[in-house]
Amino acid sequence: MNYANIKYCDIANGPGVRTSLFVSGCTHRCPGCFNEVAWDFAYGAPFTKEVRNQIFASCRPDYIAGLSLLGGEPMEPANQRELLPFVRNFKALYPGKTVWCYSGYTLEQLLGQEPSRCRCEATDPLLALLDVLVDGPFIQAQYDISLRFRGSANQRLLDMPRTLAEGKPVLWQDKPVFSTHTMD
């Protein structure tokens, strides 16, 4: 697997300060995609052990809330197979930090409820490691700059532990970072 970019101290792709990994390779080719260069599976650099270790080290500080996976398309089967052991290791190192994944596939496609080429042996274990899945293709006609952590209105922010436990999509609910309670 190749990666297109890594953003350290990213505040755009999930709550808090995060490290965001942009993998290479995407077959969706959504019109208006913000990262068209990453469609090519050969773009960027190899995702080596050294790169993985740099990402792990970047997440060590307490102010880092977690890891975000973007692309390209993290849920392309070839990328899933590489990301699964990486995310397992991340969760073992940082059990209190969250993993967000942005996918142009829908949850229903990833679960095999709708036909798709994305399902493979790594899909279910990888989904079980995610805290939030932002699902669905970017649709230019539904682009809305006011949406938080997503590009178009069709995309959902899914609370994956609750979604998998309840057997139906459960939307992620943002938790305030600061209390509005005042001291008397």
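The values are calculated or read from the model by the stated rules, or taken from the named source; none is laboratory data. Source: prediction; values computed, not measured. For neighbour counting, all protein chains shown are included, and Cβ atoms are generated from backbone atoms with ideal geometry for every residue, glycine included. Quick note on the areas: whole protein, heavy atoms, side chains included, nothing else; ligands and nucleic acids left out. Shrake-Rupley method; radii C 1.70, N 1.55, O 1.52, S 1.80 Å.
Here are the numbers for the structure shown:
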read-out	value
Options L147, L111: the member that is more than 13 Å from the chain's Cα centre (by Cα), open to solvent by 20 Å² or more (accessible area, probe 1.4 Å) and within 14 Å of T163 (Cα to Cα)	L111
Qualifying residues in segment 163-184 (those that are assigned to a loop (DSSP other than H, G, I, E, B) and modelled with pLDDT of 80 or more) - the one least open to solvent (accessible area, probe 1.4 Å)	V170
Residue within segment 100-107 that is aromatic (F, W, Y), under 21 Å from I6 (Cβ atoms), more than 15 Å from the chain's Cα centre (by Cα) and crowded, with 17+ Cβ neighbours inside 10 Å present	no
Only listed residue being open to solvent by 40 Å² or more (accessible area, probe 1.4 Å) and either small (G, A, S) or at negative phi (or both), chosen from V37, V23	V37
Hey, R60 open to solvent by 20 Å² or more (accessible area, probe 1.4 Å), free of Cβ contacts under 8 Å to residues at least 60 places away in the same chain and assigned to a helix (DSSP H, G or I) or not	no
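Residue-by-condition table, conditions (1) part of a loop (DSSP other than H, G, I, E, B); (2) of a type in the set (A, V, I, L, M, F, W, C); (3) touching a Lys or Arg at 6+ places or on another chain (Cβ under 8 Å):
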residue	(1), (2), (3)
L67	no, yes, yes
P74	yes, no, no
A78	no, yes, no
E82	no, no, no
N89	no, no, yes
A92	no, yes, no
